[in-house]
Structure formats: C-alpha cells, structure tokens
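The values are calculated or read from the model by the stated rules, or taken from the named source; none is laboratory data. The model shown is predicted, which means the values in this text are computed figures rather than measured ones. As a convention, Cβ positions derive from the backbone with ideal geometry for all residues, glycine included, and neighbour counts pool all protein chains shown.
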C-alpha cells in the first residue's frame, strides 16, 4: 500500500509479484547449479517446479477471473487483449517447461538446454509483470479507489485454499518488507478462523528467520495495543 497526501492506493500486483520473482530467480539459480548426475537433486528440482507452476497457474486465474478480472475488464478494457495474450504465452511456456523438467527428472534432458529454456521464460515473464505493474496497475489506481481495490484483494485471498496460500507465503514473505509482512499477517489474523491462522503463522515461521518473525509479531502486538487504546 502507498500513501499520498490525500488518497491511499493499493497495488494489487506488488506483493505477489515479489514472491513470484523470488521463486523464478530461485528456480533459475537452482537449474544453473544442479548436478545432473544426482538423481535425488533432479527429483527435488522437479518438485520445486511443481510449486512454481502452481503459483503461476493460480495467479493467472486470479487475474483473469473473479474480482480481479472483473475490475480489469470494467476499468481498463484496453489492456485485456494484451493481458490475455501474455497469459496464453505464459501457459504455453509453462507447459513446455513442464515437459523439459519432467524429462530432466528422468535423466533424459540436457542440463544446459534446461537452463537456457528457464532463462528465456524468466526474461519474458519479468517483462509481463512490469507491464502489469507500471501500466495496468497505474490505470486501475487512477480509475478506482482504495476500497474497490481492497475489496478485490480480500476477494482473492479469501478464495485461496489454505494449502495453496501456504505455497504463496513461502515465496512471498521472504521477499516482502517488514511492513508488508505485518499487513499481510494482520489481515489473515483478523479474517481467518484461529485454526487456519495457526497454519498461516506456521508457514511464516517456516519462511522467515527467527528475528524476522519476531519483528512481525512485535509490530502486530503494537497494532493491537493501538486498536485497544
């Protein structure tokens, strides 16, 4: 969230894109350093790709359908065609990567070719996310208000199954700054049943260092004390 002198604005892409960038860069790094002769490492790499694919597939669904897709279509219709085309390209790229990664996991794919294919996809996807952030989101911010955008964000998060949210959190939280982490987890604590928030807090504990988690807990306690006062 960004605050101006008069109007708060909410960037619907920023935090999730931080997580996706981290996941993409990590996947690229893993491919570059992977030992193709280590069967266990190859299988771990395949499992890592499955999580990345899940994140990207769910993210595209959030953008194309539901409240996010609705507000894009209603307020920024001039970008719909380009966004849909980019997502088609992304889906095709993910499917191609899946075939290559699966073959590599079985020991039948050249490691250098795998790395080059991942770099190519990464380059494309970074450009796509920049377009969404610097063009689409700017237009959405100009043509809507904070409450409308917050309603979209709440709609997205409440419709993600907890296991899938945990996958996003593992990528997002380490890439977010302390304020973003606190806002995210505070919102979860306020909106989720206690047993579900316990799952989310455990995911945060798995994703952050002890000091980072303690900093978030301290900020959340301070927010609660302010509300009570």
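Quick look at the numbers
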| read-out | value |
| --- | --- |
| The range 196-209 residues that are in contact (Cβ under 8 Å) with a residue 12 or more places away in the chain and at negative phi, paired with ones that are in a loop (DSSP other than H, G, I, E, B) and surrounded by 14 or more Cβ atoms within 10 Å (Cβ to Cβ) (beta carbon under 9 Å, 6 or more apart) | 199/192; 200/192 |
| Search result, residues across the range 90-110 that are crowded, with 16+ Cβ neighbours inside 10 Å and either touching a residue at least 60 places away in the same chain (Cβ under 8 Å) or assigned to a helix (DSSP H, G or I) (or both) | 90, 93, 94, 97, 100, 101, 104, 105 |
| Residue 53, sole failed condition from (1) without any contact (Cβ under 8 Å) to a residue 60 or more places away in the chain; (2) assigned to a helix (DSSP H, G or I); (3) more than 20 Å from the chain's Cα centre (by Cα); (4) surrounded by 15 or more Cβ atoms within 10 Å (Cβ to Cβ) | (3) |
| Hey, residue 20 farther than 27 Å from residue 116 by Cα and assigned to a helix (DSSP H, G or I) or not | no |
| The one condition in (1) in contact with a helix residue (DSSP H, G or I) (Cβ under 6 Å, 6 or more places away or on another chain); (2) surrounded by 18 or more Cβ atoms within 10 Å (Cβ to Cβ); (3) within 21 Å of residue 25 (Cβ to Cβ) that residue 76 fails to fulfil | (3) |
| Search result, residues across the range 112-121 that are buried (at least 16 other Cβ atoms within 10 Å of the Cβ) and touching a residue at least 24 places away in the same chain (Cβ under 8 Å) | 114, 115, 118, 121 |
| Matching residues in the range 204-215 - criterion: being part of a loop (DSSP other than H, G, I, E, B) and surrounded by 14 or more Cβ atoms within 10 Å (Cβ to Cβ) | 208 |
| Test: residue in the range 197-216 that is closer than 23 Å to residue 9 by Cα, in contact with a helix residue (DSSP H, G or I) (Cβ under 9 Å, 6 or more places away or on another chain) and at pLDDT 95 or above | yes |
| Those residues of the range 29-45 which are surrounded by fewer than 16 Cβ atoms within 10 Å (Cβ to Cβ) and part of a helix (DSSP H, G or I), in sequence order | 29, 32, 33, 39, 40, 41, 43, 44 |
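Condition check ((1) loosely packed, with under 15 Cβ neighbours inside 10 Å; (2) at pLDDT 95 or above) across all residues:
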position: 136; (1), (2): no, yes
position: 155; (1), (2): no, no
position: 191; (1), (2): yes, no
position: 222; (1), (2): yes, no
